[in-house]
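The values are calculated or read from the model by the stated rules, or taken from the named source; none is laboratory data. Nothing here was measured: the structure is a model prediction, and the numbers come from that model. Cβ atoms come from the backbone with ideal geometry, glycine included; neighbour counts cover every protein chain shown.
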Amino acid sequence: MLMKVFRHGVGRGSKVIGYVTGQHDTRRKITPPEVLRGDPDSVCDLIDTTARKWKYTSGVISWAPGDEVTPEDEKELMDSFESLAFAGMEPDQYSILWVRHSHAGHHEMHFVIPRTELRTDKAFNPCPPGWDKQYNPWYELQNRRRNWARPDELKRARLVRPGSSIQSYKSGNASEIRRTVTEAIVQGVEAGLIHNRQDIINTLEEFGFAVPRKGKEYITIEIPKDDNDTVSQKRKNNRIRLKGVL
């Protein structure tokens with residue numbers, strides 16, 4: 001099981017509610033979403049009546065294909081999540097919508113939370129920046145209790161995480177560069193030329209990349225700029241973050 005909080009949170013409630021409930025989505029007619037808890041209309045109204053820019057928090061709890069999730073598991077999980085997200089609050093102080101999705105071939109539970117404390121109408125964010133430090137121990141506990149697949153299992157680790165390919169570069173988009181670099185590093189490992197992280201960094205620099213950042217769980221490479229680049233190309237962010245088990 002894995003939890004993810006989306007970056008969305010502005011705009012009308014009808015958009016996010018329409019997505020999670022599957023309104024006007026013919027692709028999900030065979031296995032339509034099912035509301036497990038909460039009222040979509042009231043949650044939508046709470047979002048739309050908020051004058052603040054950030055109006056809601058949405059996210060998903062997702063399981064690996066083959067994981068069995070019973071209705072009892074769903075209820076216990078919702079109760080447990082809410083006791084953590086709304087610690088110290090009474091039921092009349094918050095609102096949340098839970099919707100089950102199964103059209104993707106595995107179990108998902110989406111949630112939408114208006115960012116409003118209902119008694120005072122003050123702003124309330126259940127998943128602030130750094131939310132993973134609060135919730136990761138929680139879903140790790142659920143996985144171990146129920147023997148669900150864990151995202152940190154070595155057998156599930158990927159050599160490289162694809163990341164976003166929205167930004168394009170002169171020499172190819174970010175995803176293509178990640179794949180090319182990864183293939184080259186794997187070949188170096190197989191040939192016995194790369195043994196550790198520093199060897200990877202040295203190899204990247206030999207490829208011609210600068211390595212401006214070396215985080216705990218990532219390495220950032222920078223594509224060198226070409227003197228023949230246009231002004232707009234020179235202004236592009238030529239940095240790519242590499243993450244994964246490598």
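Considering only residues that are part of a loop (DSSP other than H, G, I, E, B) and of a type in the set (Lys, Arg), look in the stretch 90-147 and name the one that is farthest from the chain's Cα centre (by Cα). It comes out as ARG119. Report yes if TRP54 is within 29 Å of GLY11 (Cβ to Cβ) and not assigned by TED's automatic domain parsing to the domain that holds ILE219, otherwise no. For TRP54, the condition - within 29 Å of GLY11 (Cβ to Cβ) and not assigned by TED's automatic domain parsing to the domain that holds ILE219 - is met. Here ILE96 passes the criteria (1) β-branched (Val, Ile, Thr); (2) crowded, with 18+ Cβ neighbours inside 10 Å; (3) touching a residue at least 60 places away in the same chain (Cβ under 8 Å); (4) out of contact with any His (no Cβ under 8 Å at 6 or more places or on another chain) except the one numbered (3). Taking the stretch 161-183 as the range and being among the aliphatic types (A, V, I, L, M) and at pLDDT 80 or above as the test, the residues that pass are ILE177, VAL181. Residues in the stretch 22-37 that are modelled with pLDDT of 90 or more and in contact with a His (Cβ under 6 Å, 6 or more places away or on another chain): 1 in all.
Taking the stretch 30-70 as the region of interest, how many residues are of a type outside the set (Phe, Trp, Tyr) and assigned to a loop (DSSP other than H, G, I, E, B)? Within the stretch 30-70, residues that are of a type outside the set (Phe, Trp, Tyr) and assigned to a loop (DSSP other than H, G, I, E, B) number 19.
In the stretch 7-21, the condition of being over 21 Å from the mean Cα position of the chain (by Cα), modelled with pLDDT of 90 or more and assigned to a strand (DSSP E or B) is met by no residue.
Remark: pairs (first residue in the stretch 75-86, modelled with pLDDT of 95 or more; second residue in a helix (DSSP H, G or I) and of a type in the set (S, T, N, Q); Cβ separation under 7 Å; 6+ apart in sequence or on different chains) = LEU77/GLN142.
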